[in-house]
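Colleague: My structure is below; once you've seen it, I'll send some questions.
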Amino acid sequence: MIIHVAQTTYSGTLSVFRNPRTKVSAHYVVRSSDGHVAQCVRDSDIAWHAGNWDYNTRSIGIEHEGWVDRPGYFTDAMYERSARLTASICERHGIPKNRAHIIGHHEVPGSDHTDPGRHWDWKRYLRLVKSA
Ligand SMILES: [Zn+2]
């Protein structure tokens with residue numbers, strides 16, 4: 001599981017993914033205001049989100065609406081819905097619910113991205129994933 005912050009809005013993220021010339025995608029996008037989830041790529045298909053082909057081929061990517069330096073976008077609804085999504089993906093695919101298997105984009109080897117950034121509350125997120 002790779003956690004992202006999109007550096008754009010929910011609708012901006014979807015339009016980037018719809019444009020094949022951008023050559024980026026993620027499996028899911030979560031909306032800030034209400035936690036609404038859009039699935040853009042099937043779990044069994046490869047999305048181009050990690051910037052690392054090896055990680056792309058064996059991970060599920062979740063984008064979150066917002067910016068790394070604007071924590072107001074990280075709403076309760078978004079944390080809760082995203083954590084439920086991550087929990088169900090972990091259960092379906094046998095992925096352990098821990099920080100070794102649920103990582104940030106910045107933790108992908110070779111990544112020059114900083115998302116989800118220092119405002120992302122990993123403790124809270126993992127607690128929600130484990131209790132979902
Ligand atoms: Zn990212």
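Colleague: Which of the helices (runs of 4 or more DSSP H) found entirely inside the range 19-132 contain at least 1 residues meeting this: among the aliphatic types (A, V, I, L, M) and at pLDDT 95 or above?
Modeller: Working: elements: 53-57, 76-93, 122-131.
So the answer is 76-93, 122-131.
Colleague: Additional query: Among the listed residues GLU80, GLU91, GLU63, identify the single one that is touching a strand residue (DSSP E or B) at 6+ places or on another chain (Cβ under 9 Å) and charged (D, E, K, R). Before you say what the answer is, go through the steps one by one.
Modeller: Numbers: GLU80 fails: touching a strand residue (DSSP E or B) at 6+ places or on another chain (Cβ under 9 Å); GLU91 fails: touching a strand residue (DSSP E or B) at 6+ places or on another chain (Cβ under 9 Å).
Result: GLU63 is the single residue among GLU80, GLU91, GLU63 that is touching a strand residue (DSSP E or B) at 6+ places or on another chain (Cβ under 9 Å) and charged (D, E, K, R).
Colleague: When the residues of the range 112-132 are filtered to those that are within 11 Å of the ligand (Cβ to nearest atom) and in contact with a helix residue (DSSP H, G or I) (Cβ under 6 Å, 6 or more places away or on another chain), which remaining residue is farthest from ASP69 (Cα to Cα)?
Modeller: The selected residue is HIS113.
Colleague: In the range 17-49, which residues are among the β-branched types (Val, Ile, Thr) and closer than 13 Å to VAL5 by Cα? Don't jump to the end; show me each part of the working.
Modeller: Initial filter on the range 17-49 (among the β-branched types (Val, Ile, Thr)): 22, 24, 29-30, 37, 41, 46.
Scanning the range 17-49 gives VAL29, VAL30.
Colleague: Within the range 50-59, does at least one residue satisfy the condition of being farther than 11 Å from MET1 by Cα and surrounded by 17 or more Cβ atoms within 10 Å (Cβ to Cβ)? Let's see the steps before the verdict.
Modeller: Applying the first criterion (farther than 11 Å from MET1 by Cα) to the range 50-59 yields 51-54, 57.
Among the residues that remain, those that are also surrounded by 17 or more Cβ atoms within 10 Å (Cβ to Cβ) are: none.
No: the range 50-59 contains no residue that is farther than 11 Å from MET1 by Cα and surrounded by 17 or more Cβ atoms within 10 Å (Cβ to Cβ).
Colleague: To continue, here is another question. Among the residues of the range 21-31, is any closer than 24 Å to ARG92 by Cβ, among the charged types (D, E, K, R) and in contact with a helix residue (DSSP H, G or I) (Cβ under 6 Å, 6 or more places away or on another chain)?
Modeller: So far as the range 21-31 goes, yes, one or more of its residues are closer than 24 Å to ARG92 by Cβ, among the charged types (D, E, K, R) and in contact with a helix residue (DSSP H, G or I) (Cβ under 6 Å, 6 or more places away or on another chain).
Colleague: Okay, moving on. Quick one: is ARG84 closer than 18 Å to VAL37 by Cβ, among the basic types (Lys, Arg) and surrounded by 15 or more Cβ atoms within 10 Å (Cβ to Cβ)?
Modeller: Working: closer than 18 Å to VAL37 by Cβ: yes; among the basic types (Lys, Arg): yes; surrounded by 15 or more Cβ atoms within 10 Å (Cβ to Cβ): yes.
Yes.
Colleague: Here's another thing I want to ask about it. So which of TYR10, TYR73, TYR79 is farther than 16 Å from ASP121 by Cβ and among the aromatic types (Phe, Trp, Tyr)?
Modeller: Working: TYR73 fails: farther than 16 Å from ASP121 by Cβ; TYR79 fails: farther than 16 Å from ASP121 by Cβ.
Result of the check over TYR10, TYR73, TYR79: TYR10.
Results for (1) within 16 Å of the ligand (Cβ to nearest atom); (2) of a type in the set (Gly, Ala, Ser); (3) within 11 Å of the chain's Cα centre (by Cα), shown as yes or no for each residue.
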| residue | (1), (2), (3) |
| --- | --- |
| VAL30 | yes, no, yes |
| GLY35 | no, yes, no |
| ASP45 | no, no, no |
| ALA50 | yes, yes, yes |
| TYR55 | yes, no, no |
| GLU63 | yes, no, yes |
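Colleague: Same structure again: When the residues of the range 35-70 are narrowed to those that are touching a residue at least 12 places away in the same chain (Cβ under 8 Å) and β-branched (Val, Ile, Thr), which ends up farthest from TYR125 (Cα to Cα)?
Modeller: Among residues in the range 35-70 that are touching a residue at least 12 places away in the same chain (Cβ under 8 Å) and β-branched (Val, Ile, Thr), the one farthest from TYR125 (Cα to Cα) is VAL41.
Colleague: Any residue in the range 79-92 that is closer than 12 Å to SER131 by Cα sitting within a Cβ distance under 7 Å of a residue that is in a helix (DSSP H, G or I)? List the pairs, counting only those 6 or more apart or interchain.
Modeller: Between residues of the range 79-92 that are closer than 12 Å to SER131 by Cα and residues that are in a helix (DSSP H, G or I), the close pairs are GLU80/LEU128; ALA83/TYR125; ALA83/LEU128; ALA83/VAL129; THR86/VAL129; ALA87/VAL129.
The values are calculated or read from the model by the stated rules, or taken from the named source; none is laboratory data. Computed from a predicted model, the values in this text were never measured in an experiment. Methodologically, a virtual Cβ is constructed for each residue, glycine included, from the backbone with ideal geometry; neighbour enumeration extends over all protein chains shown.
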